[in-house]
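Each remark here refers to the structure printed beneath this line.
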Amino acid sequence: MPATSAIRLLRHWALLFFSLFQAGLAQAEISDGEIRVGLLLDMHSSYAHFTGQGSVIAAQMAIDDVGGKVAGRPIRLVFADHGNDVTRASQIARQWLYDEGVDVIGDVVGSPQAAAVQEINRKRGAVVFYNAVASDALTREACAATGVHWLFNGQAYATLMAKALTNEGQRRWFFITVDNEFGRNVEAVLASVIRARGGKVLGSVRHPRGAASLFPQLRQAVASGAEVIALLNAGQDMVRAVRESFDLLAVSRGKTTLAVIIGTLGDVQLITPQLAQGMRLAQSFYWNQDVAARRWSQRFFERAGVMPSDAQAGVYSSLTHYFKAVAAGNSDEGIKVVKMMRELPISDPIMRNARLREDGRMVHDLYLTHVRTPEEIKDPLDILVIDRVVPGDEVFRPVADGRCPLLRP
């Protein structure tokens with residue numbers, strides 16, 4: 001064999017070996033031969049109607065839309081009901097992350113549960129998304145390198161609501177606040193923005209989660225002369241408050257505005273538009289916001305029998321972006337995936353003008369909405385009106401104000 005031919009043959013085999021070696025490395029970075037996705041949900045309690053089985057369906061849609069595989073490896077979905085119990089949520093998360101090799105958690109419903117999981121995962125470094133979590137703490141002092149707050153944000157929703165309603169001339173407010181970290185934090189943000197814009201907080205009352213009735217607090221709020229009653233609670237507490245408020249003439253006749261900081265389409269459906277009409281809500285997603293959202297939501301409806309809440313849509317959006325990042329980087333290592341998620345554009349049927357910040361906060365457009373009157377409803381599924389699209393940079397806390405330790409020089 002001539003020397004030149006031998007050299008060419010050696011080069012060919014060397015290149016082939018190198019290619020196979022590189023492919024092996026790429027495959028090796030997908031741990032345990034599969035991508036394991038977990039969801040820590042409320043399946044039967046206060047928040048089940050806007051997370052629960054609908055979030056499972058949204059996650060499965062994200063998996064199906066990538067063909068059930070990423071980087072040539074199959075995706076496996078597991079989910080559990082934490083029952084709004086921090087201890088149970090912590091036990092499940094620790095087992096998933098340290099014993100069962102879960103690579104990504106697509107949601108941890110509830111602020112107390114999310115705070116616990118953030119700390120449990122800090123050493124493990126899996127990617128954990130927070131969709132149905134209102135507390136802003138996860139991207140402040142408690143930020144983590146692989147913790148990603150994708151959707152709900154009490155600080156941004158409160159800022160949006162305070163700016164919008166004070167601009168409309170509604171300057172006298174009263175707060176009904178759940179007595180936990182979320183309620184206290186959102187109350188502080190809301191009060192600060194209202195006062196900075198010349199408004200007044202006439203009073204506030206707090207209640208435990210799961211209160212049997214909130215009618216006494218509502219009656220006190222109306223008696224104060226407030227133009228706006230802000231409900232700083234969520235789930236069944238908020239649903240109960242809105243239903244009970246309709247018995248107060250100032251609310252049912254539209255003289256007093258109900259402003260809900262954390263409310264979903266599912267909440268309004270439980271309340272019924274008859275009782276919720278005119279109520280103002282901040283939303284991260286509404287199924288009828290545009291053509292792409294409608295098409296995706298129709299697919300969801302065919303599986304679930306209801307239109308998606310923004311929390312459920314957030315599960316789909318966050319996992320879709322995660323799968324793109326794993327494929328682009330050929331790795332499910334948390335730090336590498338989050339870095340890639342920041343580099344890739346966020347493009348899906350759910351989010352608009354979105355970007356992932358260094359502190360783990362995903363910033364995106366928000367929507368100020370109100371509930372239609374029964375007479376205005378032509379489609380029984382289309383019960384919200386989008387009053388204004390709000391760019392995320394107008395209402396999300398600036399990254400420099402969060403004191404996230406990851407960003408210190």
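For this structure, a couple of remarks:
- Segment 276-409: proportion of alpha-carbon pairs further apart than 19 angstrom, %: 58
- Cα principal axis extents for segment 218-281, largest first, Å: 30, 21, 16
- Overall Cα dimensions of segment 126-172 - principal axes, largest extent first, Å: 46, 19, 11
- Here, segment 194-310 has an Rg and a Dmax of 15.9, 47 Å when only alpha carbons are counted.
- Distance histogram in 5 Å bins (all Cα pairs of segment 151-257, percent per bin): 2, 13, 25, 25, 22, 11, 2, 0
- Membrane-span-like helices of the chain, defined as complete DSSP H segments with a Cα extent of 27 Å or more along the helix axis and a mean Kyte hydropathy of at least 0.5, are identified as 3-28.
- Segment 177-220-segment 126-174 distance, computed between alpha-carbon centres (Å): 15
- Normalised contact order of the chain, rounded percent, pairs of Cα under 8 Å and 6 or more residues apart: 18
- Virtual spin-label span in nm between VAL385 and ASN167, 7 Å along Cα→Cβ: 1.7
- Counting Lys and Arg as +1 and Asp and Glu as -1 over every other residue whose Cβ lies under 14 Å from the Cβ of SER318, the net charge comes to -1.
- One chain, two ends: VAL66 and VAL399. Fully extended at 0.36 nm per residue, the span grows by 116.6 nm beyond their Cα-Cα distance.
- Loop-resident GluC sites (Glu not before Pro) (DSSP state other than H, G, I, E or B) in segment 108-194 with no more than 13 further Cβ atoms inside 10 Å of their Cβ: GLU141, GLU168.
- For the chain, modelled as a GNM whose springs connect Cα atoms under 10 angstrom apart, the maximal fluctuation among HIS149, HIS370, HIS44 occurs at HIS44.
- Reachable aspartates and glutamates, given that their alpha-carbon falls under 20 Å from the alpha-carbon of LYS255 and they are not under 8 places away in the same chain: GLU168, GLU227, GLU244, ASP247, GLU375, GLU376, ASP387
- As a ratio to 2.2 N^0.38 Å, the alpha-carbon radius of gyration computed for segment 38-175 takes the value 1.18.
- Expected 222 nm ellipticity per residue - DSSP helices of 4 or more, -39500 (n - 2.57), all of the chain, to 500: -13000 deg cm²/dmol
- Projecting the Cα atoms of ILE176, GLN53, ALA191 onto the charge dipole of the chain (Cβ charges, centred on the Cα centre) puts ALA191 farthest toward the positive pole.
- Above 35 Å, the calculated P(r) of the chain contains 29 percent of its Cα-Cα pairs.
- Cα radius of gyration and Dmax for segment 318-360 (Å): 9.9, 27
- Whole-angstrom gap from segment 365-398 to segment 236-289, using each part's C-alpha centre: 12
- Here the extension length gained between GLU343 and ALA328 equals 4.4 nm, from 0.36 nm per residue of separation less the Cα-Cα distance.
- Radius 15 Å from Cβ of ASP42, net charge of other residues (Lys, Arg +1; Asp, Glu -1): -3
- For the listed residue pairs LYS163/LYS339; LYS163/LYS336; LYS69/LYS339; LYS324/LYS378; LYS163/LYS324, the alpha carbons are over 27 angstrom apart in LYS163/LYS339; LYS163/LYS336; LYS324/LYS378; LYS163/LYS324.
- Fraction of antiparallel bridges per DSSP, the chain only, in percent to nearest 5: 30
Just so you know, all these numbers are worked out from the coordinates, no wet-lab data involved. If you're wondering where the values come from, they're calculated on a predicted model, not measured in any experiment. Cβ atoms come from the backbone with ideal geometry, glycine included; neighbour counts cover every protein chain shown.
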